[in-house]
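> Just passing along the structure, written as structure tokens.
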Amino acid sequence: MKFAADGKTLIYSTLLGGRGNEQGVRLAGAGDGSVFAVGNTTSLDYPTKNAYQPTIGGSFDGIFFRLTDNSVPQLPAFTINPNQLTFRFVQGESAPAAQAVTASAAGGLVASAVEPWLRVTPALSVSVVPAGLAPGVYRGTIRLTPPNGVPGTIVVTLNVLAAAPVLSAVEPSRVAIGADDTEITLRGAGFTNRTTVQLQTIPWLLSPVRFVDSTTLKLTLPKPYFSAEYNHSITVQNPDSAISQPVSLAVGRPAPAIAAKGILSAASYAGDVISPGEILTLFGENFEPGMRVNFDGLLATPLYITPNQLSVVAPPALAGYRGVNVTVETNFERRSTPVRIPVWPARPGLFTADSSGKGPAAALNQDGTINSPFNPATKGEIVVLYGTGGGVENLPNKVFIDGMECEVLYAGQVPGLIA
């Protein structure tokens, strides 16, 4: 028997055999619609045509034949466009929108849906009602029957998918170029021990996906995946479910990092605390031009920057803060781990002659020459000292030399300098 594409309309049927017994017949369909068969027979009158051996030659003879249909199939007298429709439904979401079909028949067509989940209007608007259907692939038929002649059919496929698992984050979210094999952690909800991972929509098969619990998956990406700057798109999927929203794993230059106890006064190199308006030096790694320093949302541009050191003025708006989180970042894409540091109203520090934070002060004598052991100031002479960390709240300033308080003639910003 041969049926039409709708699986219901019979095109032809036949019975082939003789008066004996036919056994072990196996059938195989060919691309041109013909059928090949193989088996054995005891029939003396087995029908043949153009046979290699036209009559039986033993008790059991093998049979091998090809059956072709030379009949002219009856086709509808009208055209249908399109004659195949596909719908996709994810459980928990709205039913898919209806799809329109056109037929060339002038009128009189009666449209009917064969399956209970299919709907069709007289205007040939086809819709599906997937509520209550389990995940899977469903196939149905819309029959268009004219007043006279052969009916036409529309084949409908409905893909019902379970709700996608939720993929919310990948840890780490950024890996340095040239990194070795790296274990990544996927965070979300709805994971199972059969959840699969896709990288750039391609199923991940290069390493095992380890199911930790319904919120956590782990897998290892080999070193070649970190050979160049790139953004890997990662998705997950449960059996018979939709695919999750993607998360991105960035491969790029390493994130900056602030060293432990690496936020210091640029003058004295004293640490552990900062003050508003103070010139600071930060030590760390992976610093580069274009980065900025973030003080809990107050941004500051470095005065200078090298791969392991930068200098910045603490925002004056920190006045009144008791502490602040400091990060070094670039356009919010790469940022260091925040470092929490206390904020004091003032934390004075003097610059030194060799910029080490120790030894002779960076000072000018009254005649404008550089103060040094070889060019000391004389008693009663005015000396200019340079420092930072005096605060922004007009706090009283006192200067002591060898424990003796000196008269302060001026305390404030140096004209033309940063702070």
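> Need a quick list: strands (runs of 3 or more DSSP E) entirely within the stretch 182-296 having at least 2 residues that are at pLDDT below 95 and either within 30 Å of ALA134 (Cβ to Cβ) or aliphatic (A, V, I, L, M) (or both).
Once the strands (runs of 3 or more DSSP E) in the stretch 182-296 are filtered for at least 2 residues that are at pLDDT below 95 and either within 30 Å of ALA134 (Cβ to Cβ) or aliphatic (A, V, I, L, M) (or both), what remains is 247-252, 257-265.
> Here is a follow-up. Any idea which residue in the stretch 21-39 is surrounded by the most Cβ atoms within 10 Å (Cβ to Cβ), counting only those that are in a loop (DSSP other than H, G, I, E, B) and either modelled with pLDDT of 75 or more or in contact with a Pro (Cβ under 6 Å, 6 or more places away or on another chain) (or both)?
Result: SER34.
> Quick one: count up the residues across the stretch 263-301 that are buried (at least 20 other Cβ atoms within 10 Å of the Cβ) and out of contact with any Ser or Thr (no Cβ under 6 Å at 6 or more places or on another chain).
11
> Is it the case that VAL339 is within 32 Å of the chain's Cα centre (by Cα), touching a residue at least 60 places away in the same chain (Cβ under 8 Å), in the same structural domain as ARG292 (by TED's automatic domain parsing) and closer than 12 Å to LEU299 by Cβ?
No, not satisfied.
> Working carefully through the options TYR304, TYR386, TYR321, TYR410, find the one that is more than 26 Å from ILE263 (Cβ to Cβ) and among the aromatic types (Phe, Trp, Tyr).
TYR410
> Can you go through GLY412, GLY390, GLY416 and tell me which one is at pLDDT below 90, closer than 24 Å to ILE305 by Cβ and part of a loop (DSSP other than H, G, I, E, B)?
So the residue among GLY412, GLY390, GLY416 that is at pLDDT below 90, closer than 24 Å to ILE305 by Cβ and part of a loop (DSSP other than H, G, I, E, B) is GLY416.
> Does the stretch 362-381 hold any residues that are assigned to a loop (DSSP other than H, G, I, E, B) and either surrounded by 15 or more Cβ atoms within 10 Å (Cβ to Cβ) or charged (D, E, K, R) (or both), and which are they?
Those that are assigned to a loop (DSSP other than H, G, I, E, B) and either surrounded by 15 or more Cβ atoms within 10 Å (Cβ to Cβ) or charged (D, E, K, R) (or both): ALA362, ASN365, ASP367, ASN371, ALA377, LYS379, GLU381.
> Another question, then. Please tell me if GLY140 is within 30 Å of THR102 (Cβ to Cβ) and either at pLDDT 95 or above or not in a loop (DSSP other than H, G, I, E, B) (or both).
Taking the combined requirement at face value, the residue satisfies it.
The values are calculated or read from the model by the stated rules, or taken from the named source; none is laboratory data. These figures come from a predicted structure and were not determined experimentally. Virtual Cβ from ideal backbone geometry, glycine too; neighbours counted across all protein chains shown.
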